[in-house]
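Before any comments, here is the structure.
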Amino acid sequence: MSVLELCEVTRTYGELARRAAGLAGTFARAGVGAGDRVAIDLLNRPEYLETFYAALLLGAVPVNVNYRYGVEETRYLLDAADLPVPDPRSRRQ
């Protein structure tokens, strides 16, 4: 039985749980823990739900960043959520 069918991608409950747990492990190794906020700036795709649930597995708070937001709207949201605002000049290519 599939739980998710989006963008021509189908995930079962088991696959969603396994992928979210793997990402939660990656977050934990990066220092994310209970009470931390995790900004999610993704399109409406299965990876969004996997990231959302990964944050919840750690007790972290998922913060949605609408992919249509401009720079100033995103900066405002990240500041209001007390998340670090990245410097676009330091982006890896």
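Remarks
- A DSSP coil position with no more than 15 other Cβ atoms inside 10 Å describes the following chymotrypsin sites (Phe, Trp or Tyr not before Pro) in segment 3-72: Y67, Y69.
- Close amide H pairs (under 5 Å, H built 1.01 Å from N) link A60 with G35, residues at least 5 positions away or on another chain.
- With every protein chain in place and a 1.4 angstrom probe, the accessible-area ranking of E50, E15, E73, largest first, reads E73, E15, E50.
- Remark: segment 68-76, residue by residue, has Karplus-estimated 3J(HN,Hα) of 8, 5, x, 4, 5, 5, 5, 4, 4 Hz, where x stands for each Gly or Pro and the curve is 6.51 cos²θ - 1.76 cosθ + 1.60 at θ = phi - 60°.
- Fraction of beta bridges assigned by DSSP in segment 2-64 that are antiparallel (%, nearest 5): 50 percent
The values are calculated or read from the model by the stated rules, or taken from the named source; none is laboratory data. No experiment lies behind these values; they were computed from the predicted model shown. Cβ coordinates were reconstructed from backbone atoms using ideal geometry, including for glycine residues, and neighbour counts include every protein chain displayed. When the accessible area is computed, the model is the full protein with side chains, heavy atoms only, and any ligands, DNA or RNA have been set aside. Shrake-Rupley method; radii C 1.70, N 1.55, O 1.52, S 1.80 Å.
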